[in-house]
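Q: Starting off with a structure, shown below.
The values are calculated or read from the model by the stated rules, or taken from the named source; none is laboratory data. Not measured: the values here are computed from a predicted model. Backbone-built Cβ (ideal geometry, glycine too); neighbour counts: all protein chains shown.
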């Protein structure tokens with residue numbers, strides 16, 4: 001196969017993988033923001049906690065799959081506990097109180113990690129059956145674990161699509177995003193709905209952290225920077241829209257990946273090699289924010305947000 005075509009396919013898969021990881025983080029955030037009207041800056045900390053729980057349980061059980069399953073269960077329980085202890089007291093407050101309280105949660109989780117796991121970064125070793133490459137096409141070999149991330153991400157996206165569009169709980173979630181006062185008046189238990197949504201969002205964030213852990217360093221604050229991109233995604237896609245979060249995450253992942261891959265070659269015609277290598281990542285990030293600005297100008301509610 002032509003090397004340029006091979007490179008293009010590999011980068012497309014990398015962009016898809018990055019986009020699906022971002023979707024898992026953004027999906028929980030858009031549900032929380034769209035239904036509960038809660039600005040949760042600590043969502044990235046739940047991403048971090050999922051990764052650290054994975055480090056612990058994979059080490060204790062000596063099983064990759066069992067460790068991930070236990071980490072997801074504990075992350076779900078942690079999300080429910082955070083909602084019950086902290087978030088319930090913020091629903092009737094304004095967004096500034098949400099920002100201050102959840103920023104405090106960021107500090108709390110960072111210090112908790114420092115106490116229980118230490119300040120040094122951790123890593124998760126992949127099992128042998130995920131450490132090789134798979135041949136997707138003749139001449140196109142791709143790391144098995146990254147391909148597994150794509151498969152799991154697409155499966156979770158399909159599950160969320162069915163949950164939101166085909167189930168009674170999904171009907172309540174969509175109604176809550178549109179008019180939570182009305183569904184409360186119709187007899188739906190808003191408190192339970194909020195707990196379910198926040199717990200689901202926490203589990204999705206933790207799953208993203210778990211899947212990212214073997215390919216990045218698990219460290220304090222690892223969710224803080226990625227949270228910014230998650231907010232960009234839900235703004236582009238539309239607050240409260242799972243479909244919007246998915247399409248926006250795919251777009252952001254592909255823009256970032258292709259930008260970092262191809263922009264250095266383009267910039268070499270105008271800049272030195274070192275300057276081109278430095279400028280390309282910055283321009284890739286700039287393109288994402290320019291996309292967000294363009295969407296906000298064209299449709300302030302996002303691509304799939306409800307029109308006001």
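Q: Please find, among 63, 75, the residue that is surrounded by fewer than 24 Cβ atoms within 10 Å (Cβ to Cβ) and out of contact with any strand residue (DSSP E or B) (no Cβ under 9 Å at 6 or more places or on another chain).
A: On the way: 75 fails: surrounded by fewer than 24 Cβ atoms within 10 Å (Cβ to Cβ).
From the options 63, 75, the qualifying one is 63.
Q: Okay, next question. Scan region 253-267 for residues that are surrounded by 18 or more Cβ atoms within 10 Å (Cβ to Cβ) and over 9 Å from residue 280 (Cβ atoms) and jot them down.
A: 253, 255, 256, 257
Q: Restricting the search to region 229-245, which residues are more than 17 Å from residue 173 (Cα to Cα) and within 10 Å of the chain's Cα centre (by Cα)?
A: 229, 230, 231, 233
Q: Give the number of residues within region 97-129 that are part of a helix (DSSP H, G or I) and at pLDDT 90 or above.
A: First, the residues of region 97-129 that are part of a helix (DSSP H, G or I): 97-117, 128-129.
Cutting the leftovers down to at pLDDT 90 or above gives us 97-117.
Residues meeting the conditions: 21.
Q: Can you name the residue in region 219-237 that is at pLDDT 90 or above and crowded, with 24+ Cβ neighbours inside 10 Å and is also nearest to residue 70 (Cα to Cα) among such residues?
A: Looking at residues that are at pLDDT 90 or above and crowded, with 24+ Cβ neighbours inside 10 Å, I get 230.
Q: Is it the case that residue 273 is surrounded by fewer than 17 Cβ atoms within 10 Å (Cβ to Cβ) and either touching a strand residue (DSSP E or B) at 6+ places or on another chain (Cβ under 8 Å) or on the phi < 0 side of the Ramachandran plot (or both)?
A: In short, yes.
Q: Checking the conditions here, which among 162, 156 is out of contact with any strand residue (DSSP E or B) (no Cβ under 8 Å at 6 or more places or on another chain), modelled with pLDDT of 80 or more, more than 18 Å from residue 29 (Cα to Cα) and assigned to a helix (DSSP H, G or I)? Lay out the reasoning, then the answer.
A: On the way: 156 fails: more than 18 Å from residue 29 (Cα to Cα).
Testing whether each residue is out of contact with any strand residue (DSSP E or B) (no Cβ under 8 Å at 6 or more places or on another chain), modelled with pLDDT of 80 or more, more than 18 Å from residue 29 (Cα to Cα) and assigned to a helix (DSSP H, G or I) leaves just 162.
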